[in-house]
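> Here it is, the structure in full.
The values are calculated or read from the model by the stated rules, or taken from the named source; none is laboratory data. Not measured: the values here are computed from a predicted model. Backbone-built Cβ (ideal geometry, glycine too); neighbour counts: all protein chains shown. The protein model used for the area step is the full one, side chains on, heavy atoms only, and it has no ligands, DNA or RNA in it. Shrake-Rupley method; radii C 1.70, N 1.55, O 1.52, S 1.80 Å.
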Amino acid sequence: MKILVLNCGSSSIKYKLIEIDNESIIASGKIERIGMHDGILSHHPSGKEHIKKVMEILNHGKAIKIMVDTLLDPEHGVIKDKKEITAVGHRVVHGGEKFAKSSLITDEVKADIKDCFDLAPLHNHHNFSGIEAIEKILPGVPHVAVFDTSFHQTMPPHSYIYALPYAEYQKYGVRRYGFHGTSHRYVAQKAAELVKKPLNELKIITCHLGNGCSITAIDKSKSIDTSMGFTPLEGLVMGTRCGDLDPAIVIHLISRAGLPLTEIDAMLNKHSGLDGISGISNDMREIIQEVDNGNKRAQLALDIFTYRLKKYIAAYAGAMGGTDIIVFTAGIGENVPKVREQSCENLEFMGIKIDKNKNEQTIAKQGEISDSSSKVKIFCIPTNEELIIARDTAKIIKEREKPGV
Ligand code: ADP
């Protein structure tokens, strides 16, 4: 069964065609600069030459058509007929409180996704455009929505309710939702496999450190707390986002500095984090390079990043009454030993100890990086959100096909 996985953003679409029976990737690719005259298609068919093409891609509909045509292309394609695609799995960022699980996309589900536009104006709208565009090109093919938020719907109210007047939650849905759920879910499952124990007997802390960063406390297979909140702005320091902040700063910037809301929004989301502190870059590779060159602001950015992360690791271990496993994943988590080392430093009193050699050697691959004396197992696990989306899609399709369902 071949499942097409789509992740539609504002100006890019990432895709993967997965053979779910053996979980192999048949093709993957990316379409970037949608809406521009110089859009870019990068296509990686398994066992064939990779291609990169620059062309006009004016909207998501055109981008999706180019993607399907490329999958069917006699030279670079991987399928002969559209009918070979059994189903499509979509990453949808926000499922609000409606979606605690992945769902087959029906008219009703579409209306519910639209209802969440307000909660994730930057994301859901584009995810939705992708759904509508591919439905037209692949009529009759079932579609499944896999939400970034749904894994965190198991959080108890004391984790997700803010200490604001309760009416704000009731009126406007102001609460912690959490994001990166598919990634946290994937690496937690993988970690349980690695220690050969059932997920529902483990306490796991998962650190997803990419451009966006979040950390989750997973107790007996359920997310019980996570650092991103009502939006992906809260929590850890990120590439360009500030993470946790005294909310009075925003009031001060409006009332004293006279900044308009749009400017504050851009400051907090696009010009803060590693980029804002260092004045160098949002890219951890460049930060590390400058740290090695003795740049003090780069060092400060790295130190704030890892200090915040360490506080969260300790807090989540406290929230769960301990932890058995810590996992690092995503671009920074998988590739930057210094971040992993600094964020676990001085946590030996909690049974957390990294093996420096193993840590240095584990880059862009799966591996255990804890010292043999460490009570807590520490792993680097490359994330695979697309595989979770494909698995959920296949499961829902198979259930739908069962007689009597
Ligand atoms: P996204 O959230 O966009 O999926 P990624 O998981 O790809 O992001 O992570 C992007 C971050 O990972 C960037 O800060 C980038 O610098 C960092 N990163 C990626 N590869 C490396 C590497 N080899 N060394 C250091 N940092 C890396």
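> For region 6-99, give me the percentage of DSSP beta bridges that are antiparallel, rounded to the nearest 5 percent.
Antiparallel bridges: around 95 percent, rounded to the nearest 5.
> So, with +1 on the Cβ of K and R and -1 on the Cβ of D and E, and no other charges, what is the size of the charge dipole of region 1-149 about its Cα centre, to the nearest 20 debye?
For this selection, approximately 260 debye.
> At 0.890 mPa s and 25 °C, plugging the Kirkwood radius over alpha-carbon pairs of the chain into Stokes-Einstein gives what diffusion coefficient in µm²/s?
110 µm²/s
> Separate question: For region 191-334, restrict the atom set to alpha-carbon positions and state the Rg and Dmax in Å.
That works out to 16.9, 56 Å for Rg and Dmax.
> Under the definition of Cα pairs under 8 Å and six or more residues apart, what whole-number percent is the relative contact order of the chain?
13 percent
> Suppose we keep just the DSSP beta bridges with both residues in the chain; what percent of those would be antiparallel, to 5?
70 percent
> Just how many % of Cα pairs in region 306-376 lie over 21 Å apart, if you round to the nearest whole percent?
18 percent
> In whole percent, and with a 1.4 Å probe on the protein chains, what portion of the accessible area of the chain is carbon and sulfur?
51 percent
> Now a separate question. Gaussian network model of the chain, Cα springs within a sub-10 Å range: biggest mean-square fluctuation belongs to which of Glu290, Glu234, Glu385?
Comparing Glu290, Glu234, Glu385 in a Gaussian network model of the chain, the most mobile one is Glu290.
> Right, next: If you average the C-alpha positions of region 10-80 and of region 254-308 separately, how far apart do those two centres end up, in angstrom?
Taking the Cα centre of region 254-308 as reference, the centre of region 10-80 is 34 Å away.
> Provide the per residue accessible area, probe 1.4 Å, for the chain, rounded to a whole number of square angstrom.
About 47 Å² of surface per residue is accessible.
> While we're here: Pop a pseudo-label 7 angstrom from the Cα along the beta-carbon direction at both Gln170 and Asp21 and give the gap in nm to one decimal.
5.5 nm
> If I build a Gaussian network model for the chain, linking alpha-carbon pairs within less than 10 angstrom, which residue out of Leu253, Leu17, Leu104 has the largest mean-square fluctuation?
Top of the fluctuation ranking is Leu253.
> Label 7 Å along Cα→Cβ of Tyr162; region 250-287 residues with amide nitrogen under 20 Å?
The answer is 250-256, 259-273, whose backbone nitrogens lie closer than 20 Å to the label point.
> Based on a Kirkwood Rh over C-alpha pairs, give the Stokes-Einstein translational diffusion coefficient of region 277-405 at 4 °C and viscosity 1.567 mPa s in µm²/s.
Estimated diffusion coefficient is 78 µm²/s.
> Shifting gears a bit: Could you work out how far the C-alpha centroid of region 360-403 sits from that of region 90-118, in angstrom?
24 Å
> So which DSSP H runs in the chain come out at 27 Å plus along the axis (Cα) with average Kyte-Doolittle of at least 0.0?
296-320
> Select from Gly318, Gly331, Gln361 the residue farthest towards the positive end of the dipole of region 302-405; place +1 on Cβ of Lys and Arg, -1 on Cβ of Asp and Glu, and compute about the Cα centre.
Checked the options; the winner is Gly318.
> Which order do peptides 37-45, 244-252, 308-316, 364-372 fall in by mean Cβ count within 10 Å, highest first?
Answer by packing, highest mean first, reads 308-316, 37-45, 364-372, 244-252.
> Name the most mobile residue of Gly322, Gly89, Gly229, meaning the one with the largest mean-square fluctuation, in a Gaussian network model of the chain with Cα contacts below 10 Å.
Most flexible of the set in this elastic network: Gly322.
> Any idea what the dipole of the chain comes to, in debye rounded to 20, about its Cα centre with Lys/Arg Cβ at +1 and Asp/Glu Cβ at -1?
That gives a dipole near 480 debye.
> Quote the accessible area belonging to Lys402 in square angstrom, nearest 10, computed with a 1.4 Å probe and with ligands, DNA and RNA left uncounted.
For Lys402, the solvent-accessible surface is approximately 110 Å².
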